[in-house]
1. So for the stretch 421-439 (the condition being out of contact with any Cys (no Cβ under 9 Å at 6 or more places or on another chain) and within 30 Å of residue 320 (Cβ to Cβ)), does at least one residue qualify?
2. Filter the stretch 239-258 down to the residues that are surrounded by fewer than 18 Cβ atoms within 10 Å (Cβ to Cβ) and among the hydroxyl-bearing types (Ser, Thr, Tyr), then identify the one that is nearest to residue 373 (Cα to Cα).
3. Can you spot a residue in the stretch 398-408 that is under 23 Å from residue 326 (Cα atoms), in a strand (DSSP E or B), touching a His at 6+ places or on another chain (Cβ under 7 Å) and not assigned by TED's automatic domain parsing to the domain that holds residue 333?
4. Any idea how many residues of the stretch 161-189 are modelled with pLDDT under 85 and small (Gly, Ala, Ser)?
5. Being surrounded by 12 or more Cβ atoms within 10 Å (Cβ to Cβ) and either among the small types (Gly, Ala, Ser) or within 19 Å of residue 131 (Cβ to Cβ) (or both) is the filter here, so list the residues in the stretch 297-321 that pass it.
6. Among residues belonging to the stretch 20-42 that are of a type in the set (Gly, Ala, Ser) and within 15 Å of residue 73 (Cα to Cα), point out the one that is surrounded by the fewest Cβ atoms within 10 Å (Cβ to Cβ).
7. When the residues of the stretch 414-444 are filtered to those that are outside any strand (DSSP E or B) and of a type in the set (A, V, I, L, M, F, W, C), which remaining residue is surrounded by the fewest Cβ atoms within 10 Å (Cβ to Cβ)?
Amino acid sequence: MYLDGDVWKYDITSNEWTWMKGPGSGMPTPNFGTQGVPSTTNQPGLGQCWEFWQDRNGYFYMAHGAYNSSALWRFDPVSLMWTWMNGIDLISGNATGASYISRCVPSSDRYPGKRIEGRGAFHINANACEDYLWFCGGNSFGMFNDLWCYKPTQNTWTWVAGDSVGGSTTSFGNYGVKGVPSSTNELPRRQGHAMWVDSLQQVWVFGGIVRGGVSRGNDLWRFTPEPTCIGFEVDTTQILPPSDLLICKNESTSMTLDPAWTVNIQPNANYSCNSDTSLITFFPPSKTTYTIIVSKLINNCPVSKNISFTITVEEYFMPSFPNSMICEGQSTTISVDTSYQFTFLPSAFSYNMGSDLAIFNPNVTTTYTVTATKNGCPVSDSANFQIVVNKIPHADFIVSPNLVDIADAQFYLFNQSSDALSYQWFVDELLIDTTLDATYLASDTGKICFKLIAINQGCIDSVIHCGEVLSGGYVFIPNAFSPNGDLLNDGFQVIGRDIQLKTFMIYNRWGQQLFRNQRYQQSMEWPIQGRRL
């Protein structure tokens, strides 16, 4: 609205202007009506450079236009009616029309006066039921630096800061130290400046015509009001989630709150609170998103805040470990997942936390129990595995007889092994048998060697013993025999071919004769079975 007093509405959707109220032409005749009472006949007088605001209910406020009084008006965009709210209805050409009286006292009998190029600002704060409409500076027979706050619900102005007298060209204010707040700092008088208000009701002023019209300013100021001065409690409370949003299975995490808040927690499960709800402990069994809603009265206004966060619950399970078998004196290696930190009971021979190999060398069959952690969380189960330690067998056998004649070249191989489950007999690396004992019929004269491999669950031992096959015409007389009935060298015989044995005598080491026999046998075999000499 300018000097003609018209109100227009612009529709950004249709890109159209609509004339809503006002005479449409000529200078309007002011009609104040009754203070605080809306009326279709109410009409502000002529003016320009009005300051304007809008409260949370959608009402528009207008005041401090040049050529007008100190009156403040409210316009209802629904009913299209004006209401004279505050200030005086006197149109004065020279007087400022201001009423200061005292600072920090809200009242309907104090108000800023008419100005040109003063500035207003507002911030609809969700943490208050009240709106705070701010006004600062301007020119009315001298520049001003006064700062005012208007509360629509109370219809009161509060003189908050600045001087009540317009400044001269020598009144430059007091800048102090940049960035440092001080009670002695003073905003230089100005007009045409930029102004805004933040969520903490801190007033910001930038530039304008400064110092009595001498210069254009580019200085930026911030004014922080005393809460008791404007009746505004600055709520700087922060709701912070638990510091640890990643927990282990069966663990908990906590957050703190101002006990003045009333708390609602969703979902309403798996948490506990202390007596004044200043400490909330969460212990979800699985990944859970919580929403915390807190509320309290601030400036007699119910205020609420909320925060949502997700607590992730880490649950890890033990990998499997295979059973294995080794031989006595050997070791076995198990590859492990390096993302786990394992503990083996009894301990492994070689394993460092975080390594990928564990080495075991038990002396006897052993069952191991495994526990672990991962990412700082204990694994919820344990594992068992067994390492079976098998004895290494002892391989041995007897070749009987040691010497044979080519005419009857049969060898008997009698197994004398221990701790073995299976056997393999070899002649010249050729497998000839897998039984406990074996026989072998030689087909040629000369030395012949037999190899026995004794096997116990993969553990092996081997031994080699040899015999000899004689050709015809040779004589072999053993130097000992064992007539004990075990079928091994129980008999004594002379082995030969194409010879005649007429007399057979046995002497001891001192030359004494122990045995004599003159019996002739065409076979040339003279056994002495089971007789001790």
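The values are calculated or read from the model by the stated rules, or taken from the named source; none is laboratory data. Since this is a predicted model, take the numbers as computed values, not measurements. Ideal geometry is used to build each Cβ from the backbone, glycine not excepted, and the neighbour counts take in all protein chains shown.
1. Yes - at least one qualifying residue is present in the stretch 421-439.
2. Top of the filtered list is 252.
3. We begin by selecting, within the stretch 398-408, every residue under 23 Å from residue 326 (Cα atoms); these are none.
Looking for residues that are under 23 Å from residue 326 (Cα atoms), in a strand (DSSP E or B), touching a His at 6+ places or on another chain (Cβ under 7 Å) and not assigned by TED's automatic domain parsing to the domain that holds residue 333, one finds none in the stretch 398-408, hence no.
4. So the first thing to find is which residues in the stretch 161-189 are modelled with pLDDT under 85, and the list is 165-173.
Of the ones still in play, those that are also small (Gly, Ala, Ser) are 166-168, 171, 173.
Number of matching residues: 5.
5. Once the filter is applied, which keeps residues that are surrounded by 12 or more Cβ atoms within 10 Å (Cβ to Cβ) and either among the small types (Gly, Ala, Ser) or within 19 Å of residue 131 (Cβ to Cβ) (or both), the stretch 297-321 yields 297, 298, 299, 301, 303, 304.
6. First pass over the stretch 20-42, keeping only residues of a type in the set (Gly, Ala, Ser): 22, 24-26, 33, 36, 39.
Filter once more, keeping what is within 15 Å of residue 73 (Cα to Cα): 22, 33, 36, 39.
Details: 22: 16, 33: 18, 36: 12, 39: 15.
Among those that are of a type in the set (Gly, Ala, Ser) and within 15 Å of residue 73 (Cα to Cα), it is 36.
7. Applying the first criterion (outside any strand (DSSP E or B)) to the stretch 414-444 yields 416-417, 419-421, 428-429, 434-437, 442-444.
Next, only the ones that are of a type in the set (A, V, I, L, M, F, W, C) stay: 420-421, 436, 442.
Values: 420: 22, 421: 11, 436: 13, 442: 17.
The qualifying residue surrounded by the fewest Cβ atoms within 10 Å (Cβ to Cβ) is 421.
Yes/no matrix, rows are residues, columns are (1) outside the structural domain of residue 258 (by TED's automatic domain parsing); (2) in contact with a strand residue (DSSP E or B) (Cβ under 7 Å, 6 or more places away or on another chain); (3) basic (Lys, Arg); (4) in a loop (DSSP other than H, G, I, E, B):
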site: 310; (1), (2), (3), (4): no, yes, no, no
site: 334; (1), (2), (3), (4): yes, yes, no, no
site: 341; (1), (2), (3), (4): yes, yes, no, no
site: 354; (1), (2), (3), (4): yes, yes, no, yes
site: 369; (1), (2), (3), (4): yes, yes, no, no
